[in-house]
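Peer 1: This structure is in structure tokens; I'll ask about it shortly.
The values are calculated or read from the model by the stated rules, or taken from the named source; none is laboratory data. Since we're looking at a predicted model, the values are computed, not measured. Backbone-built Cβ (ideal geometry, glycine too); neighbour counts: all protein chains shown. All accessible areas refer to the heavy atoms of the entire protein, side chains included, with ligands and DNA or RNA removed. Shrake-Rupley method; radii C 1.70, N 1.55, O 1.52, S 1.80 Å.
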Amino acid sequence: MIKVGVVGYGVIGQRLADGVVLQKDMELIGVCGNAKPTLAIRALKEKGMPYKLYMASLENKEQFDELDIPISGTLEDLVKESDIILDATSAGVGMKNKEIYMKYNKKAIFQGGEKNSVADVFFHGYANFDKGVGQDYLKLTSCNTTGLIRAVDCIDKAVGVEKVAITIVRRVADPGDYHRGLTNALKVDTAPSHQAVDLMTIMPHIEATGILVHTPVTHGHIITVLATPKEEINKEKLLEIFNKHPRIRVVKIADGFQGNAALFRYARDLGNPRGDMYEIAVFDETIVNSGKDIMFAINIPQEAVVIPETIDAIRAALNLQPTQEEAVSLTNEYLGLGKWMK
Ligand SMILES: NC(=O)c1ccc[n+]([C@@H]2O[C@H](COP(=O)([O-])OP(=O)(O)OC[C@H]3O[C@@H](n4cnc5c(N)ncnc54)[C@H](OP(=O)(O)O)[C@@H]3O)[C@@H](O)[C@H]2O)c1
């Protein structure tokens, strides 16, 4: 049985480990993580530790102890126990790890993110298998190249291929790759959100808390508010209050205001520069009572919403008007806010 160690337990490493286990002539000695109990490692624990876990660094050992995740040894221990290492660490790490593999005279296979110079052979199982035979260090082609070569080699072997021209439509990120930006993913912040905390700073008489979820859209935020008013209020009364506010536009889902994009489009139809909207929008049909509380959803056009209040700040800082009412009225007037109310 060939003893295999997998170093790097991320997207590729997890799959390599699963693949090795399926080989009847191979034995998976274990997998090696970096320093933290990543989600992949937590999942390994939740699955009952089917693979022994080694860690490149033990600096966070207490975190593993707290989570009751057993560590079977260090990277060097795994290397010593293995005949060959599959290195699936983050691009560039394999080159450094190679020193350890060389130290223990162990063969290693690197992944596509490493420089070609990490290996003796740039390898593909079909196209140049013979070149890899007996070599100590092999580097795999990338995912695209692997698949591409599979197809081209297949035709080449059958009928010969003179040339190929390729267009790659490349996926931008793997699921859960938050470091590449939000792609088909939602991200949750720790509570309370800073907006709730900020609200309390500005309005200390109101208790506020909240949760923020990032979403990969660019046209406006939506906030749902569950308010506990001091005196009971129904939808009709709330609408009356909102409708009097020049920086709040009440819109109806039934009219086509189905969400943030509809408001952005409406702002463009109005001819607002860049599709800006100074006002927030309340979706009429979201207003609903819950016991004594009342709930509703608002749209925040993030690019322009702070402009009116910033101009108010100028008025305040320079004491331009004698009262707040006069100051904001002037700001509203100059910015054309509340036009829809007339
Ligand atoms: N993703 C793909 O679709 C794909 C396809 C083909 C080839 N590849 C190649 O495969 C390799 C791995 O990519 P991946 O997508 O699997 O990356 P990944 O999901 O980020 O996994 C890399 C893992 O390596 C760990 N690691 C970093 N330094 C380490 C160290 N010194 N010792 C042990 N573990 C360490 C990381 O842990 P921490 O996060 O805790 O640092 C992470 O869990 C790269 O060369 C990449 O180019 C990727």
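Peer 1: Which fully enclosed helices (runs of 4 or more DSSP H) of the range 15-101 have 3 or more residues being open to solvent by less than 40 Å² (accessible area, probe 1.4 Å) and away from the ligand (no atom under 14 Å from the Cβ)?
Peer 2: Numbers: elements: 39-46, 61-66, 75-81.
So the answer is none; nothing clears 3.
Peer 1: Can you tell me which of (1) within 28 Å of residue 90 (Cβ to Cβ); (2) open to solvent by 90 Å² or more (accessible area, probe 1.4 Å); (3) of a type outside the set (Lys, Arg) is the one residue 159 doesn't meet?
Peer 2: Only one criterion is unmet by residue 159, namely (1).
Peer 1: Can you tell me which residues in the range 1-14 are near the ligand (Cβ under 9 Å from one of its atoms), touching a Ser or Thr at 6+ places or on another chain (Cβ under 8 Å) and among the β-branched types (Val, Ile, Thr)?
Peer 2: First pass over the range 1-14, keeping only residues near the ligand (Cβ under 9 Å from one of its atoms): 7-14.
Now restrict to residues that are touching a Ser or Thr at 6+ places or on another chain (Cβ under 8 Å): 7-10, 13.
Selection gives 7 alone.
Peer 1: How many of the residues making up the range 102-114 are more than 10 Å from the ligand (Cβ to nearest atom) and not in a strand (DSSP E or B)?
Peer 2: If we filter the range 102-114 for residues that are more than 10 Å from the ligand (Cβ to nearest atom), which is where we start, we get 102-109.
This time we only want the ones that are not in a strand (DSSP E or B), so: 102-106.
Residues that pass the stated criteria total 5.
Peer 1: Checking residue 134 against (1) in a loop (DSSP other than H, G, I, E, B); (2) open to solvent by 90 Å² or more (accessible area, probe 1.4 Å); (3) within 30 Å of residue 13 (Cβ to Cβ); (4) of a type outside the set (A, V, I, L, M, F, W, C), which test does it fail?
Peer 2: Unmet condition: (2).
Peer 1: Mind checking whether some residue in the range 137-159 is modelled with pLDDT of 95 or more and assigned to a loop (DSSP other than H, G, I, E, B)?
Peer 2: no
Peer 1: Same structure again: Contact list please: Cβ distance under 8 Å, first residue in the range 133-161 and more than 16 Å from the ligand (Cβ to nearest atom), second residue in a helix (DSSP H, G or I), pairs at least six apart or on different chains.
Peer 2: Final answer for the pair search is 161/152; 161/155.
Peer 1: A further question on this structure: I'd like the full set of residues that are over 18 Å from residue 66 (Cα atoms) and hydrophobic (A, V, I, L, M, F, W, C), limited to the range 22-54.
Peer 2: 22, 26, 28, 29, 31, 32
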